[in-house]
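*Asks:* Here you go, one structure.
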Amino acid sequence: MTKFLIQFSLIFCISILADDHIDANAKFSECQGKVANYYLSNLVDGGSVEGWLKAAAMHEKYYTNRGFEVEVLTEMQYSVDEDGNVSDKFVSLDTLVVWNSLTARNEFQKYLDNRSSEQVERDEKEFSAFVNLYEKNTKVSERKRLCML
């Protein structure tokens, strides 16, 4: 029994010391995981889930066409009552633009800063197309930046 307690204590202490703790003051600029732009939105009058999904697909293609690996993920949120029952009516739509790292996201910013005037014009046309489709179907109510550990 003593041997068991010693082993248990040793394993417990090692696991506590080895546990990675996230600093409550962690800075976004020091994110070591994937980073994402997060948009919480709702359908507008006349808007559709299909239109929102099409805009998200166009959004991802915008980055792909410029050689950047970005995932544009879509989620529908549903409410849950105190008994754990899930409503069949969604309450909001989430869009996440996920970069593999903060460095990858910063590389895209460098791309934007160093474009020719012709490239800016082409980019703006494609950018405006998906933004206009988002706006035709949804209204963003909240924006956040995420560090996905």
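*Asks:* When the Debye formula is applied to the Cα atoms of the range 46-149, each taken as the same point scatterer, what base-10 log of I(q)/I(0) results at q = 0.22, 0.23 Å⁻¹?
*Replies:* Rounded to two decimals, the profile gives -1.28, -1.34.
*Asks:* For the range 28-149, what does the accessible surface come to per residue with a 1.4 Å probe? Please give it in Å².
*Replies:* Heavy-atom SASA per residue in the range 28-149 reads 64 Å².
*Asks:* Between the range 33-54 and the range 73-93, what's the alpha-carbon centroid distance in Å?
*Replies:* 15 Å
The values are calculated or read from the model by the stated rules, or taken from the named source; none is laboratory data. Computed from a predicted model, the values in this text were never measured in an experiment. Protein only, heavy atoms only, side chains kept; ligands, DNA and RNA dropped before computing areas. Shrake-Rupley method; radii C 1.70, N 1.55, O 1.52, S 1.80 Å.
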